[in-house]
Amino acid sequence: MAESDNGARKSAAYPYSSGGWGSLKAVASALVQEKVPLKDATVLLKQNKPDGFACVSCSWAKPADPHMFEFCESGAKATAWDLTAKRMTPQFFELHTVTQLEAWHDHDLEEAGRLTAPLRYDAASDKYVCVSWEEAFEDIGRELRGFDPKSVVFYASGRASLETSYMFQLFARMYGTNNLPDSSNMCHESTSVGLKEAIGVGVGTITLDDFEKTDLMFFFGQNVGTNSPRMLHQLQDARKRGVPIITFNPLREPGLLQFSNPQSPVEMMTPAHTVISTQYHQVKTGGDSAALLGMCKAVVHADDRAKESGQPRILDLEFIEQQTVGFEAFADYVRAASWDEIERLSGLSRADLEAAADEYMRANAAIAHYGMGITQHREGVQNVRMLCNLLFLRGNIGKPGAGPSPVRGHSNVQGQRTVGITEKPELAPLDKLASQFHFEPPREKGMNTVEAFQAMLEGKVNAVINLGGNLVRSVPDRGRIEPAWRDLKLTVNVATKLNRSHLVHGKKSYILPCLSRIEIDTQESGAQAVSMEDSTGCIHGSRGVAEPASPDARSEPYIVAQMAKYTLGDRSTVDWDRWRNDYALVRDEIAKTYPETFHDFNERMWTPGGFPRDLPARERKWKTKSGKAEFFVPESIVEDPDMPERDPQALRLMTLRSDSQFNTTIYGLDDRFRGISGGRMVLLMSEADMQSHGVKKDDRVTVQTIADDGFERRVAGLRIQPYDIPVGCIAGYYPECNPLLPLWHHAKDSKVPAAKSIPVHIVEVNGTPRA
Ligand SMILES: Nc1nc2c(c(=O)[nH]1)N[C@H]1C(S)=C(S)[C@@H](COP(=O)(O)OP(=O)(O)OC[C@H]3O[C@@H](n4cnc5c(=O)[nH]c(N)nc54)[C@H](O)[C@@H]3O)O[C@H]1N2
Ligand SMILES: Nc1nc2c(c(=O)[nH]1)N[C@H]1C(S)=C(S)[C@@H](COP(=O)(O)OP(=O)(O)OC[C@H]3O[C@@H](n4cnc5c(=O)[nH]c(N)nc54)[C@H](O)[C@@H]3O)O[C@H]1N2
Ligand SMILES: [Mo]
């Protein structure tokens, strides 16, 4: 599948630290590009403030005492993207057929502006045409009543509020299905599975306070400068206290190297900057389990030596004895592991891993931040477990300044799970819901994202209701998925902007334009607020401040309530109209379902800094099978069983984000931090691999997935970009490279697509097939 990047190209190493003037310039140009009037731009001052709105970009924590500008370049771009003065009016859809729009670049689709009115696909004219809200809800309700509920999928993309999400899962379950996949299934599900097994909760345990108490931080496969830049403030403060930061990442990401704080006059007026990482290890893609094993080996070895010589012990024996199970088996495994194997699989030297371990052994409290570089692998769950092993050795959980810190993606992806968006019945309080709302919820497991798409390929899905998202672009195997998506009987899209998944539509398709949470949401009972949970498990209120993009757009709670009412009719005991008129009533119900976390929800939601959710692992209470924190012995640390071991032509492709995108939303074609501009159809490759694979800078290559399942997966037109990346590893962009990712190439147990490790060959160079 070929794709164009319609843009000029230019590339130069970006010489500046992340943040700095470059960031301010980028914010200003985003506001100009979106034609945001000055009066609306002041909306940014309300971003992530206790009396304002929660940013729609990442899920990083919102401090109780915010900076004057508590936003970052990425967040400001996301806000500008929603505040845009551009509109997709009904006239726009009269002028363009869907087939014509399919030729547009993804960037141009969203860049055309906010959706303004509800639309229905009309096959006769091949256009989206206006419908009234009433007609849309009636028809959607009628269609849904005609399907087997098990053949309908309710997808949530991670942005919608706790109130909307709670209603959405209740709607799906009253309708009769647990098919509630969400973006987490492609993201931190390896965390939800791995941490749950290891510590009894599927989320991280640190809060902002821990940054002030920690002695050391790790960063595994998370690109903070681009994807959670507000966190750089806490990192910078910790660095000023002398806290070391040890990073494991195949790429030298500028945001992890150094930072100039755009909010610090000194750093802005002088060449000053803060060094972020004190050690930087360019681990091979997929080599983290091996690297973690190496560090564990160094720690256990040092402890064995200390024991022999009567020196103070290195391990936290009290923690290990009282709080954990499985230590002996793990220690034996670690002692027996071979350094040769560890070096080969991690791509790092024993000396480097020992240096990292030495630093770790000196720290009384350590935090391990991590992201998609850990979770999006075949062994993503194992990676998470290995990270816990390392933390357990020195008791680094449930004490100040320590713990695992999965840096979540979407701004409320963690919260959606907290209020019942899950396909796994054991994670939802079904008995509670049954008695609270007098219905019999379905008890069998629903489908996660990969399973839903597998079922779609088998013709077993009739309809998908999308609460945000752009699945046709974000899921694996695009070449196989698109035809299956077109065969769906119904696609319903609750969205702010037009995207590919609306154009590649089901036989019947609706686009329902919603408010962004930046906007004022007025219902019969007055102005409404909503809430979210951040990456550190704190829950915040959020109140819109900008004028709605269109009088015909509706809030997400309104749309979900109406779909439920029209679909369920008398079958539901819920007064959906009252709920949509007053979200405080929904919060009261959430508090009844989850009293431990959400008691007095309506009062507590405005606590500065948010209120913490109930997290037993923070107090060293372990809701695991054994009742203890569990060590884990891996079966093998070979990361990817799909990667041919003895094929010198095989390369391991990781798919990345740039600073000019939010997932499938492409703000611009440049990747400023990495010094790549003008186009996203690139392949980052080491000079050594370029030589051994016989390609030169700027060659255009076709890449093909190594798989023998009878499907040919190719992406053509990728431009070779020399880059500092470990040998055997290459990188391209998400979502452009998604056609290469087989649906079955996913993490064991969590089923997160292994987007960071796709085995590929280069099969064509400048149009000439390879021998
Ligand atoms: N501006 C912006 N912010 C975002 C998003 C966005 O698209 N744009 N997306 C949001 C979402 S949904 C998410 S999930 C997060 C994602 O945020 P991240 O978790 O940072 O995800 P990625 O950008 O995919 O890449 C992660 C990093 O992992 C490294 N990496 C790749 N493979 C490996 C490996 O095998 N080992 C190690 N150690 N590192 C590896 C890459 O070089 C890269 O630096 O960001 C959220 N925030
Ligand atoms: N190859 C590869 N694939 C990946 C990844 C990867 O790293 N590599 N990352 C994975 C990850 S971590 C994730 S989270 C998924 C994300 O996958 P998705 O959830 O499918 O995608 P998004 O791009 O976040 O969704 C963007 C769309 O959401 C809609 N939207 C924006 N704001 C709102 C709003 O306020 N309300 C509503 N209702 N709609 C809104 C807009 O129409 C926009 O077009 O992709 C995954 N896919
Ligand atoms: Mo994500």
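The values are calculated or read from the model by the stated rules, or taken from the named source; none is laboratory data. Because the structure is a prediction, the values reported are computed rather than measured. Cβ coordinates were reconstructed from backbone atoms using ideal geometry, including for glycine residues, and neighbour counts include every protein chain displayed. Accessible surface is based on the protein model in full, side chains and every heavy atom, while ligands, DNA and RNA are left aside. Shrake-Rupley method; radii C 1.70, N 1.55, O 1.52, S 1.80 Å.
Suppose we filter Ala61, Ala85 for residues that are open to solvent by less than 10 Å² (accessible area, probe 1.4 Å), more than 15 Å from ligand 2 (Cβ to nearest atom) and part of a loop (DSSP other than H, G, I, E, B); which single one remains?
Only one candidate passes the filter, namely Ala61.
If only one of Thr655, Thr665 is within 15 Å of ligand 2 (Cβ to nearest atom) and open to solvent by 10 Å² or more (accessible area, probe 1.4 Å), which one is it?
Thr665
Just the residues that are more than 19 Å from Glu451 (Cα to Cα) and in a strand (DSSP E or B), please, taken from the stretch 142-156.
none
Could you list, in sequence order, the residues of the stretch 94-123 that are among the charged types (D, E, K, R), assigned to a strand (DSSP E or B) and under 25 Å from the mean Cα position of the chain (by Cα)?
Arg114
For the condition touching a strand residue (DSSP E or B) at 6+ places or on another chain (Cβ under 8 Å), in contact (Cβ under 8 Å) with a residue 12 or more places away in the chain and away from ligand 2 (no atom under 16 Å from the Cβ), what is the one hit in Ile720, Ile758, Ile730?
Selected residue: Ile720, the only one of Ile720, Ile758, Ile730 that is touching a strand residue (DSSP E or B) at 6+ places or on another chain (Cβ under 8 Å), in contact (Cβ under 8 Å) with a residue 12 or more places away in the chain and away from ligand 2 (no atom under 16 Å from the Cβ).
Got a number for residues in the stretch 321-343 being without any contact (Cβ under 8 Å) to a residue 24 or more places away in the chain and not acidic (Asp, Glu)?
Final tally of qualifying residues: 3.
Under the condition of being under 16 Å from Thr768 (Cα atoms) and aliphatic (A, V, I, L, M), which residue from the stretch 677-708 is surrounded by the fewest Cβ atoms within 10 Å (Cβ to Cβ)?
So the residue we want is Val695.
How many residues does the stretch 175-193 contain that are assigned to a helix (DSSP H, G or I) and within 16 Å of ligand 2 (Cβ to nearest atom)?
Of the residues in that region, 9 qualify.
If you scan the stretch 96-141, which residues turn out to be charged (D, E, K, R), open to solvent by 40 Å² or more (accessible area, probe 1.4 Å) and touching a residue at least 24 places away in the same chain (Cβ under 8 Å)?
Once the filter is applied, which keeps residues that are charged (D, E, K, R), open to solvent by 40 Å² or more (accessible area, probe 1.4 Å) and touching a residue at least 24 places away in the same chain (Cβ under 8 Å), the stretch 96-141 yields Glu102, Arg120, Lys127, Glu138.
Return only the number of the condition from (1) in a loop (DSSP other than H, G, I, E, B); (2) away from ligand 3 (no atom under 15 Å from the Cβ) that Gln234 does not satisfy.
It fails just one condition, (1).
Taking the stretch 647-664, which residues are within 13 Å of the chain's Cα centre (by Cα) and over 19 Å from Leu740 (Cα atoms)?
Selection gives Gln661, Phe662.
Would you point out which residue out of Glu736, Glu764 is among the acidic types (Asp, Glu), open to solvent by less than 20 Å² (accessible area, probe 1.4 Å) and not assigned by TED's automatic domain parsing to the domain that holds Glu482?
Values: Glu764 fails: open to solvent by less than 20 Å² (accessible area, probe 1.4 Å).
Every option except Glu736 fails the conditions.
Residues that are within 16 Å of ligand 1 (Cβ to nearest atom): which helices (runs of 4 or more DSSP H) entirely in the stretch 350-444 hold 3 or more of them?
Result: 350-362, 372-375, 380-393, 413-418.
Any idea which of (1) at pLDDT 95 or above; (2) of a type outside the set (D, E, K, R); (3) in contact with a strand residue (DSSP E or B) (Cβ under 8 Å, 6 or more places away or on another chain) is the one His107 doesn't satisfy?
(1) is the only condition that His107 fails.
If Gly459 satisfies all but one of (1) in contact (Cβ under 8 Å) with a residue 60 or more places away in the chain; (2) surrounded by fewer than 22 Cβ atoms within 10 Å (Cβ to Cβ), what's the number of the condition it fails?
(1)
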